[in-house]
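One structure is given here, and the rest of the page talks about it.
The values are calculated or read from the model by the stated rules, or taken from the named source; none is laboratory data. All figures in this text were calculated on a predicted structure; none of them were measured in a lab. Using ideal geometry, Cβ is built from the backbone for each residue, glycine included, and neighbour counts are taken over all protein chains shown. These accessible areas exclude ligands, DNA and RNA; they are computed on the full protein's heavy atoms, side chains included. Shrake-Rupley method; radii C 1.70, N 1.55, O 1.52, S 1.80 Å.
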Amino acid sequence: MWRVPVHLAIVGAGVAGLAAARALRRLRFDVDITIYEQDERIGGRVATGRRAGFAFDHGAQVIKTPSPGVERLLLEELPAGELRRMALPVWTFDASGAISPGDPALNAEPSWYYAGGNDRLAELLAEGLNLRRGVRVDRLNVQRSNVERSMEYYLRAADGSTVGVADVVLLTPPAPLSAAIVAASDIDAGLRDQLLAELRCAAYRRCVSLALAYDRPLELPFYALVNADRAHPIAWLALEHAKGPERCPPGHSLLVAQMAPGWSEARWDAPTDAVAPEVARLAGELLGADLGAPLWWERRDWRHALPDAGCDIEMLNRAGGGLLFAGDYGGQGRVHLAIESGWRVARWISTML
């Protein structure tokens, strides 16, 4: 039994958390929702960098719409004036750098992006939501409320201060970060051990992502290259200027190189000025072009880039009582999977209250 209205705290303003809040606001008007995000930026891996007139997606490059619900969200429910469909295909390459046309079936699937940057998706999802940026939640303290069989979760910062109180808490950070919050919390020991055992099943690979700007145009018949055999230092190479004039000044080119896990691990602590020239050389060799020295480069390190192994989020939500979970770590890391995970937990919450 919960009080009315029920207070829901969502930890993390990535796509899963934002999608959950937006869906639950429709399903249950009596649920009071607050989202806590430790950064000023929202969107998680849907991240856009901007510099000197350039804009680049150094996280999720495109958004797929394999389900009618996600397609309807992007094209009908959210403002779609800045939404664009990628016109060029993705090609593949192997360890030797040999390039081949990509899978026709995969390239036939719609891929979408926002003209000014994919972080626009997060801002659109967040419109009208109670979002507290720059507020970090490190642990939860559970106390019995005045309502029979109901518990209250006190959201604590690292210094022990209370940043919020809720009847239900939804954790949406990557599994290792959610596990750290669970491990530090004073929930039932048996439940904590059960949740941690499942969360630790999720394994992530790291990724160093570099944006490289050039003062010359580069036109090719593809938008991006993906390493099919996972045996090249570059995992993904995108031509961000192919997304339109909002991404790049005229007469320039903009590349985003997302590096393979082994390469990224080996150079994780190396300074950017030491690794960027190597990335630029590898990108030029792969494209078969003498690009020259970049005008500038910008690095983003993704410690939890994509899950290699997931966990059973449905089991976590069955076990957790008023502590719930959402995110794309139930399978492959994709924007649409994060959205759908948020929707599923929103439906769960709407029926459990």
Open item on the list: Quick check on my filter: what residues within the stretch 23-44 are surrounded by fewer than 24 Cβ atoms within 10 Å (Cβ to Cβ), within 27 Å of residue 306 (Cα to Cα) and of a type in the set (D, E, K, R)?
Closed with: 39, 40, 41
Task: Candidates 100, 96, 111, filtered to the one that is open to solvent by 70 Å² or more (accessible area, probe 1.4 Å) and hydroxyl-bearing (Ser, Thr, Tyr) - done: 96
Task: Of all residues making up the stretch 69-81, the number that are outside any helix (DSSP H, G or I), open to solvent by 40 Å² or more (accessible area, probe 1.4 Å) and in contact (Cβ under 8 Å) with a residue 24 or more places away in the chain - done: 1
- [ ] Return the pairs, sorted by first residue and then second, in which the second residue is in a loop (DSSP other than H, G, I, E, B) and loosely packed, with under 15 Cβ neighbours inside 10 Å, the first residue lies in the stretch 258-276 and is of a type in the set (A, V, I, L, M, F, W, C), the beta carbons are less than 7 Å apart, and the residues are 6+ apart or on different chains.
- [x] 260/230
- [ ] Would you tally the residues in the stretch 72-95 being touching a Ser or Thr at 6+ places or on another chain (Cβ under 7 Å) and over 30 Å from residue 282 (Cβ atoms)?
- [x] 1
TODO: Give the residues of the stretch 44-68 that are touching an Asp or Glu at 6+ places or on another chain (Cβ under 6 Å) and free of Cβ contacts under 8 Å to residues at least 40 places away in the same chain, sorted by residue number.
DONE: none
TODO: State which residue pairs qualify: first residue outside any helix (DSSP H, G or I) and inside the stretch 184-207, second residue among the hydroxyl-bearing types (Ser, Thr, Tyr) in any location, beta carbons under 7 Å apart, and separation of 6 or more residues or different chains.
DONE: 202/329; 206/264; 207/264
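The rows are residues; the columns are (1) assigned to a helix (DSSP H, G or I); (2) within 29 Å of residue 13 (Cβ to Cβ).
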| residue | (1), (2) |
| --- | --- |
| 268 | no, yes |
| 274 | yes, no |
| 286 | yes, no |
| 289 | no, no |
| 301 | no, yes |
| 316 | yes, yes |
| 341 | yes, yes |
| 346 | yes, yes |
| 351 | yes, yes |
